[in-house]
Amino acid sequence: MLKYRLANAPGSSYTLAGHSLPDVQRAIRLVRSHGAEWGIAPDRVGVMGFSAGGELALLAGLHFDAGNPDAADPIDREASRPAFLGLIYPYVTRIFPAKLTLTKDTPPAFLLGGEKDDISKPLPELYLALEKAGVPAELHMLAGVGHGFGVRPVNPPHVAIWTTLFHDWLDASGMLKGK
């Protein structure tokens, strides 16, 4: 779990590109660098985010590098590309579609939103853009649901099932296989 510096909040001097994105890139590199020690396959380190965190997760899937093999810090030698994206009602209206460049190297994505959530409205377009770029993706728009449903015991069954859908997608994508 990453607690990143929230950009665009009232009074915040942080920016997505200058602070939040480097935070998530560093977190991916850090987990990769400790993969053997922590029992995590380095090639299966992904990123998942909700709302503004979903926007950040998408940015991590668009702006990554292979690491710097000459870096003094061994963490900086690791790649920052996430193996997958879990975009849960992401706030993508600011960056989609105008600032979005998808390629075949964009990580596979699980997209989830609520039908009554204006922030989630671009998700079907994002899904189609991913498909056009040759990126594996899965889209779910939950009926009658607004923004911020998260994981709650009071969620109705058709909403609560989303964690199973995500788990099944990760499994089908090969992310849950043994080392």
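The values are calculated or read from the model by the stated rules, or taken from the named source; none is laboratory data. These numbers were taken from a predicted model, which means no experiment stands behind them. Neighbour counts are summed over all protein chains in view; Cβ atoms, including those assigned to glycine, are modelled from backbone coordinates with ideal geometry.
Rundown of residues vs (1) exposed (fewer than 13 other Cβ atoms within 10 Å of the Cβ); (2) under 20 Å from LEU59 (Cβ atoms); (3) β-branched (Val, Ile, Thr), yes/no style:
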| residue | (1), (2), (3) |
| --- | --- |
| THR101 | yes, yes, yes |
| GLY114 | no, no, no |
| PRO122 | no, yes, no |
| ALA133 | no, yes, no |
| LEU139 | no, yes, no |
| ALA143 | yes, no, no |
| VAL159 | no, no, yes |
| LEU165 | no, no, no |
| ALA172 | yes, no, no |
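Of all residues in segment 20-51, those that are surrounded by fewer than 18 Cβ atoms within 10 Å (Cβ to Cβ) and under 17 Å from ALA71 (Cα atoms) total 4. The condition (being under 15 Å from PHE50 (Cα atoms), in contact (Cβ under 8 Å) with a residue 12 or more places away in the chain and either surrounded by 21 or more Cβ atoms within 10 Å (Cβ to Cβ) or within 14 Å of the chain's Cα centre (by Cα) (or both)) is satisfied by just one residue among VAL151, VAL92: VAL92.
Of all residues in segment 40-54, those satisfying the criterion of being in contact (Cβ under 8 Å) with a residue 40 or more places away in the chain and either aromatic (Phe, Trp, Tyr) or in a loop (DSSP other than H, G, I, E, B) (or both) are ALA41, GLY46, PHE50, SER51. With respect to the conditions (1) farther than 21 Å from SER173 by Cα; (2) crowded, with 18+ Cβ neighbours inside 10 Å, ASP118 lacks only one, and its number is (2).
The residues on offer are SER51, SER33, and the sole one that is under 30 Å from PRO122 (Cα atoms) and of a type in the set (S, T, N, Q) is SER51. Among the residues making up segment 104-123, those that are within 24 Å of ALA83 (Cβ to Cβ) and at pLDDT below 95 are SER120, PRO122, LEU123.
ALA27 fulfils the conditions (1) farther than 22 Å from HIS140 by Cβ; (2) part of a strand (DSSP E or B); (3) hydrophobic (A, V, I, L, M, F, W, C) except for a single criterion, (2).
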